[in-house]
Every structure is written in C-alpha cells, then in structure tokens.
Amino acid sequence: MQERMSRRIHLAPWLIYSLLTVLLYGIWGALSKVVSNDMSPYMYQVAFSVGLLPVVAVVLRSRRLSGGQSRKRGILYAFGTGILGGTGNMALFKSLGMGGQAAIAVPVSSMYSVVTVMLAFLFLKERVSRSQKIGLLLAFAAIYLLST
C-alpha cells in the first residue's frame, strides 16, 4: 500500500499547459457573459486586447522570444491568427450580448477544434484515427444537443 501511495501521477508538460488552458478559458467564458451585459462586443474586444498588454510585456522580456524556422513567416501567420481570433472573439461576444447563454454559446464556439482537425487533415496532412473520427461525430452531436 505504501508503494502505491508513493507513486506520483506523471503528466506530460504539454498536458499540464493544456489543462491550465482549459481552466483559464473556462473562467474567461463565464466572465465573458458578465461583461457582455455591460458593453458592446466591439468595446469588449478593445478592452480584451488592452488586457493582453501585461502578458505581452512579460513575453517581450523572455529570453525565449527568438527562435523558430522562419521568423518573418511566423510573424505573418501570428498576425493572421490574431485577426482570426479577434474576429472570433467579437462573434462570441456578440452572441453573448444578444442573449446567448454562456453555458451554451461558449461550448458551441469551442467546437472550433472540429475545424482545426479537418484543416490539419486536409492541409497539414495529419492523420485522423478512427477514434478521432468518432470524436468529430460526437462533437457535431454535442453542437446539436447544446443548441436545442
């Protein structure tokens, strides 16, 4: 019994960060509904972007700022993902501001991973396993169930 108690659960570092992301995004999603009652989605996006400035300040001080294979291409893609993410945020904020329930709108908007998997398969040539295909079908079913 002592041996079992002394064993530690080993989580891969990437999984720890992923779980932290789930926690932070979960809190963000709930707070987004509260904020959407107080301001327009456009002003919310501006305030959201300003809220990123402290994070940017910390990252700019990092020694790990440089790196990667093609910095120029990376900056271009990062800029594009910023535009896509900001536009997606505004769409979610608009949804919440129009009366969407956070418990429904946020999980439905989180189904963007279905699009990510399909694009990774089509353009990045990543393999999709049978269980992942089943997961995609279940995600579509979840969208339907959440929206009814």
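Assorted remarks:
- Debye, to nearest 20: dipole size of the chain, +1 on Lys, Arg Cβ, -1 on Asp, Glu Cβ: 680 debye
- Listed values (i) 66; (ii) 48; (iii) 43 include one computed from this model; for percent of Cα pairs over 20 Å apart that value carries the label (i).
- Peptides ranked, highest mean first, by Cβ atoms within 10 Å: ranges 95-105, 42-52, 114-124, 60-70: 95-105, 42-52, 114-124, 60-70
- Inter-centroid distance (Cα atoms) of the range 36-55 relative to the range 82-148, Å: 22 Å
FYI, it's all coordinate maths here, none of it is from the lab. Please read these numbers as outputs of a predicted model, since none were measured by experiment. Reconstructed Cβ throughout: ideal geometry from the backbone, glycine too, with neighbour counts over all protein chains shown.
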